[in-house]
Amino acid sequence: MSEEEVAGWFVGRIPDGWFVAPAGLQIDRDEILVIGELAAPQAIDELSDEARQEALRSRVEAFREETRAARIKIARSAESKFERKVSWGASCGGQTFVFTHLAAPAMTRLRMRERRVLDTLIDAGVARSRSDALAWCVRMVGEHEDEWLAELRDALAQVHEVRDRGPRSG
C-alpha cells in the first residue's frame with residue numbers, strides 16, 4: 001500500500017476538528033507515526049517563555065487525554081490493515097510532542113574498530129550501553145546529514161516509481 005493510500009485512510013478515520021490541517025505521517029517498515037497540528041491557545045503571545053511552554057504542553061496533554069479511546073480504536077484498525085504499529089503525537093505552537101512510539105531493535109555485527117567507537121561513548125558517559133551508543137550515533141547522523149538523507153529518500157522514491165511503471169511478473 002502506498003503512503004498516499006495510508007494518508008487517505010487516516011484522513012477518513014481521524015475525526016474532523018481534531019487538527020487544524022490533515023495529520024502528517026511518518027512511515028517506515030515497522031511504524032506509522034501520526035502527528036497532527038493543534039490550534040494554539042488564545043493569547044499565547046502574551047505569556048512568558050516558561051508560561052508559553054507550559055500552555056502548549058497542557059494543550060497537547062488535554063488532547064491526548066480526551067482522544068485516547070478514539071486514537072486507540074483508530075490505531076488498532078490501522079495496525080490490522082497496514083501490519084505496522086501506530087504511534088501518535090501532536091504539534092502546537094511550533095513544538096512537537098510524541099506520545100508513544102516504537103523502539104524497534106536493530107541487530108548488527110561490528111568489528112573491533114566500530115566497537116571501540118561505541119565503547120568510547122560509554123566510557124565518556126555519553127551512553128550507558130553499546131545499544132544506547134549506537135542509537136546516539138544514528139541520531140547524530142540524522143541531525144547533521146538531513147539534506148543528504150532527504151536527497152537519498154527522494155532518489156529512492158524515484159526508483160520505486162520507475163519500478164512500479166515497469167512490466168509485472170506473473
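Okay, residues lined up against (1) buried (at least 18 other Cβ atoms within 10 Å of the Cβ); (2) aliphatic (A, V, I, L, M); (3) over 14 Å from the mean Cα position of the chain (by Cα):
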{"site": "Val11", "(1), (2), (3)": "no, yes, yes"}
{"site": "Glu50", "(1), (2), (3)": "no, no, yes"}
{"site": "Ser58", "(1), (2), (3)": "no, no, yes"}
{"site": "Cys92", "(1), (2), (3)": "yes, no, yes"}
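If only residues of region 90-124 that are part of a helix (DSSP H, G or I) and touching a helix residue (DSSP H, G or I) at 6+ places or on another chain (Cβ under 8 Å) are counted, the one that is nearest to Ile27 (Cα to Cα) is Leu118. Of all the numbered requirements in (1) touching a strand residue (DSSP E or B) at 6+ places or on another chain (Cβ under 6 Å); (2) surrounded by 12 or more Cβ atoms within 10 Å (Cβ to Cβ), Ala21 misses one, and that requirement is (2). One residue stands out in region 1-29 among those that are among the β-branched types (Val, Ile, Thr) and part of a loop (DSSP other than H, G, I, E, B): the one that is nearest to Ala78 (Cα to Cα), namely Ile14.
Here is a yes/no grid of residues against (1) out of contact with any Cys (no Cβ under 7 Å at 6 or more places or on another chain); (2) modelled with pLDDT of 95 or more; (3) in the same structural domain as Arg153 (by TED's automatic domain parsing):
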| site | (1), (2), (3) |
| --- | --- |
| Ile32 | yes, yes, no |
| Ala40 | no, no, no |
| Ala43 | yes, no, no |
| Ser48 | yes, no, no |
| Ala75 | yes, yes, no |
| Glu79 | yes, yes, no |
| Gly93 | yes, no, no |
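Taking region 35-89 as the range and being in contact (Cβ under 8 Å) with a residue 60 or more places away in the chain and part of a helix (DSSP H, G or I) as the test, the residues that pass are Ile74, Ser77, Ala78, Lys81, Phe82.
Is it true that some residue in region 117-136 is modelled with pLDDT under 90 and of a type outside the set (A, V, I, L, M, F, W, C)? No, that holds for no residue.
Among the numbered criteria (1) at positive phi; (2) of a type in the set (Gly, Ala, Ser); (3) at pLDDT 90 or above, which single criterion is violated by Gly170? For Gly170, the failing item is (3).
The values are calculated or read from the model by the stated rules, or taken from the named source; none is laboratory data. Remember, it's a predicted structure, so these values are computed and weren't measured experimentally. In this analysis, Cβ positions are derived from the backbone assuming ideal geometry, glycine residues included, and neighbour counts consider all displayed protein chains.
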